[in-house]
Structures are given as C-alpha cells and as structure tokens.
Amino acid sequence: MRTPHNDQLSEPDRAGRRGRHVPERRCVITGEVSPAERLVRLALGPDGNIAPDVHGKAPGRGAWIGVDRAALEAAQAKGKLKGGLARALQDGNFTIPDDLGARIEAQLQRATLDRLGLESRSGTLLSGNEKIETAARKGQVRLLLHASDAGEDGRKKLAQAWRVGEDDEGSGREGLVLPVDRGTLSMALGRENAVHLALTDARAADRVLAHLSRWQFFTGWSRDAANRDSDPHTAPAFGEEKNGALPTGTAASDAF
C-alpha cells in the first residue's frame, strides 16, 4: 500500500516494515483481504444479535468489514451485508441492528478518545499551543492532532513548528484534524480547552494512529475536513483515497 510522504504510517504498516507477522482478514462485503487492525470485527452475540467489536476481543463467532459507513449502510439496505455475514458465520439466524453504522462509529470514537486519555495519563500527550510549539521546534513531536473546530491559523503555526523541528520544511507535513470538536475532546481528556494535541513518543503515536485511522476511514473524515463545509458522514466513493485516512480500496477481512 502506498503511504504518501505527509501521512504517518499506521501500526500495521510499521509492523510490516519491521518484519512482524500481521494477521489478515477478509471483508464480508468486498471480499478483499487486508491487515485485521485496519478492519472492524462484527460479533455474533448469544442473543443472536450482531454487534460491533472494535477491539476484536469478544468471544464467539465473528466476521470482519473493511468499508466506510456509507458503503456499510448501502450494503445493509441491499441485503449484501446479511448475505456476507451468513456465509462467513455459516449461520443465517441472526439480527443486524438498523443503527449498526452508528454503533460502530460510536465505538471507534470511544476507542480513540480512550487511547488518547491513556496517553495523557502516561505523560506522552501534550496540549496547549506554547508547549506543543516548543516541543515541535525541538523535534520532540511524533504526531500532531487538532480538534475539528481548531482555527486554521493555529493549525498552520504548529505544523510549521513541527516541520522546522523535523528539518522537513517545504514538505507540506501537517497535523491530523480529529472528527470531534474541542468540547468533546476536552471532556474526554479531562482538560480545559483541549484544541491542539501532540504525541511525543513514537510508540504512543503508533497506538493512537491505529485507532484514529480506522475511525477516520469509517466516517469518511479527512485531515482537511475542517476547511470545508462537509459532513463527516459523507464519504468519498469506495476506492478513493482520503488524506489522513486509510485507502478504502485495501480494507478487508476474514470470518473466524
């Protein structure tokens, strides 16, 4: 998979470059195969209901999807999702909730914000313009994030400091715009006015990106979404590539 110069590598990409085995799964909608960490598992509960399992740890049978919300809901409306799940689970006796897409999105959001909260408590997450700018100019920032309502001037200023610290001026390197505003971000982190965030540890950045990439991809959210009058649920056509998100044409999974 091609990784643009300005896009940070996701954990599956880094793992692949280190030579570590990356489990792959097949998407029940597209039939394509990709690293499991890029996908969302759907679990069959004991009550016969299909539920999202974004951490991939729920017991029992499950299957995987590697499409964005718009494609999932289209497949669900046409019966393609139910057919794919029935084949993967070898059982057609289950119920798919009408709001499955919303449930997946909510879980992906919570998983990402929880991960940011853990990094905050471990001391690898910075907030506040001055702290981030100072760390960025010293080359200490590994990942730069912004709330969806962060001002463009503030984003550009911190991105410039980041490029200077990385000796990467002229590259166009930017931070990633999160699909939530400062109010939601501040509440999740227990911090006042959390608008800009920075990860100062490479492994911490990998952990956050593993969650964020899936969330961005599923919602169709791109790094420059805050500059446009766009709805984060309006995703590009399947197969197009979005800045700061995963290429849609490579996501897939396997039932197990």
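The values are calculated or read from the model by the stated rules, or taken from the named source; none is laboratory data. Because the structure is predicted, anything quoted here is derived from the model rather than measured. In this analysis, Cβ positions are derived from the backbone assuming ideal geometry, glycine residues included, and neighbour counts consider all displayed protein chains.
Structure values in brief
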item: In the stretch 83-95, the residues that are in contact with a helix residue (DSSP H, G or I) (Cβ under 8 Å, 6 or more places away or on another chain) and either assigned to a helix (DSSP H, G or I) or loosely packed, with under 14 Cβ neighbours inside 10 Å (or both); result: Gly84, Gly92
item: Wholly within the stretch 104-199, strands (runs of 3 or more DSSP E) carrying at least 2 residues that are more than 22 Å from Gly220 (Cα to Cα) and either without any contact (Cβ under 8 Å) to a residue 40 or more places away in the chain or hydrophobic (A, V, I, L, M, F, W, C) (or both); result: 125-127, 196-199
item: Odd one out for Glu11, checked against (1) of a type in the set (D, E, K, R); (2) at pLDDT 95 or above; (3) touching a helix residue (DSSP H, G or I) at 6+ places or on another chain (Cβ under 9 Å); result: (2)
item: Residue tally, condition at pLDDT below 95, of a type in the set (S, T, N, Q) and either crowded, with 20+ Cβ neighbours inside 10 Å or under 19 Å from Arg142 (Cβ atoms) (or both), over the stretch 154-195; result: 1
item: Search result, residues across the stretch 64-103 that are without any contact (Cβ under 8 Å) to a residue 12 or more places away in the chain and small (Gly, Ala, Ser); result: Ala74, Ala77, Gly79, Gly83, Ala86, Gly92, Ala102
item: The lone exception for Asp47 - which of (1) closer than 17 Å to Phe217 by Cβ; (2) of a type in the set (Asp, Glu); (3) part of a loop (DSSP other than H, G, I, E, B) it fails; result: (1)
item: Qualifying residue in the stretch 69-77 (condition: in a loop (DSSP other than H, G, I, E, B), among the hydrophobic types (A, V, I, L, M, F, W, C) and under 23 Å from His211 (Cα atoms)); result: no
item: Flag if Leu144 is buried (at least 20 other Cβ atoms within 10 Å of the Cβ) and modelled with pLDDT of 95 or more; result: yes
item: Filter pass, Arg121 being of a type in the set (D, E, K, R) and out of contact with any helix residue (DSSP H, G or I) (no Cβ under 9 Å at 6 or more places or on another chain); result: yes
item: Residue under evaluation Gly56, criteria (1) closer than 15 Å to Cys27 by Cβ; (2) more than 22 Å from the chain's Cα centre (by Cα); (3) modelled with pLDDT under 95; (4) of a type outside the set (A, V, I, L, M), criterion not met; result: (2)
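Condition check ((1) among the polar types (S, T, N, Q); (2) surrounded by 19 or more Cβ atoms within 10 Å (Cβ to Cβ); (3) out of contact with any strand residue (DSSP E or B) (no Cβ under 9 Å at 6 or more places or on another chain)) across all residues:
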residue	(1), (2), (3)
Glu24	no, no, no
Cys27	no, yes, no
Ser34	yes, yes, no
Leu44	no, yes, no
Val54	no, yes, no
Gly62	no, yes, no
Leu72	no, yes, no
Leu81	no, yes, no
